[in-house]
Amino acid sequence: MRAVVVYESLFGNTRRIAEAVAAGIEDGDPGAVVELDPVSAARPEDVRTADLLVVGGPTHMHGMTSAMSRRIGVKGEQKTAATAGTAVAVEPGVDGPGLRDWLPTLSAPDPGSRAAAFDTRAASRMAGGAAHGISRRLRRLGYELASPPEGFVIEDTQGPLREGELERARQWAAALVRTTGVRT
């Protein structure tokens with residue numbers, strides 16, 4: 001099985017979940033070839049031939065990020081950090097294109113390709129989730145969804161992730177492999 005995990009991350013929480021997802025895919029199929037890419041490095045031609053594509057990003061304003069929501073989020077955290085006399089660490093590529101920009105660059109996948117979507121989000125029901133929008137776009141492209149969209153909880157904008165979320169992400173990904181029906 002060839003799997004590609006593509007993620008967008010601002011403060012590292014979604015990257016950490018994506019890393020756990022990649023490890024979970026390997027747990028589910030030790031022979032799997034797994035590529036883990038930030039959205040800034042993900043090439044549409046590499047994604048098209050994957051047996052399983054997993055895409056994840058943070059939730060902003062109830063859904064997927066936009067260039068504006070990323071700018072607002074980073075500036076807000078920098079302002080809060082400056083007031084507290086601390087620093088804020090942002091992920092490389094945060095000022096580049098996000099998933100909302102990248103997904104339309106994809107072409108239809110090879111027949112039988114499966115996909116799944118995840119997000120990071122606040123614990124509040126009112127927070128919404130980016131995974132639903134990601135899933136909808138993947139389905140429109142022609143992917144068969146291997147799982148309903150999944151959300152992983154962060155305790156605050158910069159994190160930390162809620163205790164147990166990394167292990168839950170790893171288990172979720174291992175289960176995705178079992179549902180794909182593709183083995184090496």
Problem - Radius, Kirkwood style, for the chain when every pair of distinct Cα atoms is counted (Å) - result: 16.3
Exercise for the section: Could you order 90, 6 so the one with the most accessible surface comes first? Probe is 1.4 Å. Expected result: 90, 6
Problem - Within the accessible area of region 8-105 (1.4 Å probe), percent carbon and sulfur - result: 54
Problem - Å² of accessible area per residue within region 79-184, as computed with a 1.4 Å probe and no ligands counted - result: 55
Completion exercise
For the residue 37, residue 80 Cβ pair and Förster radius 35 Å, calculated FRET efficiency rounded to 0.05 is 0.75
Exercise for the section: Go ahead and estimate [θ] at 222 nm for the chain from helices alone: -39,500 (n - 2.57) per DSSP H run with n ≥ 4, summed, over the residue count, rounded to 500. Expected result: -11500 deg cm²/dmol
Practice task
Note down, for region 1-103, the three equivalent ellipsoid semi-axes (square root of 5 times each alpha carbon gyration tensor eigenvalue), biggest first, whole angstrom.
Solution key: 29, 15, 10
Exercise for the section: Determine the gain in length on full extension of the stretch residue 45-residue 126; use 0.36 nm per residue of separation and subtract their C-alpha separation, reporting nm with one decimal. Expected result: 25.5 nm
Handout entry: ³J(HN,Hα) computed for each position of region 75-83 - Karplus, 6.51 cos²θ - 1.76 cosθ + 1.60, integer Hz, glycine/proline x
Key = 4, x, 5, 5, 5, 4, 5, 4, 4
Practice task
May I ask you to list the GluC sites (Glu not before Pro) in region 122-184 that are in a DSSP loop and have at most 13 other Cβ atoms within 10 Å of their Cβ?
Solution key: 163
Fill in the blank from the handout: Contact order relative to length for region 1-111, counting C-alpha pairs under 8 Å separated by 6 or more residues, stands in percent at 35
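The values are calculated or read from the model by the stated rules, or taken from the named source; none is laboratory data. All values derive from a computational prediction rather than experimental measurement. All Cβ positions, even for glycine, are placed from backbone atoms using ideal geometry, and neighbour counts span all protein chains on display. What goes into the accessible areas is simple: the full protein's heavy atoms, side chains included, and nothing from ligands, DNA or RNA. Shrake-Rupley method; radii C 1.70, N 1.55, O 1.52, S 1.80 Å.
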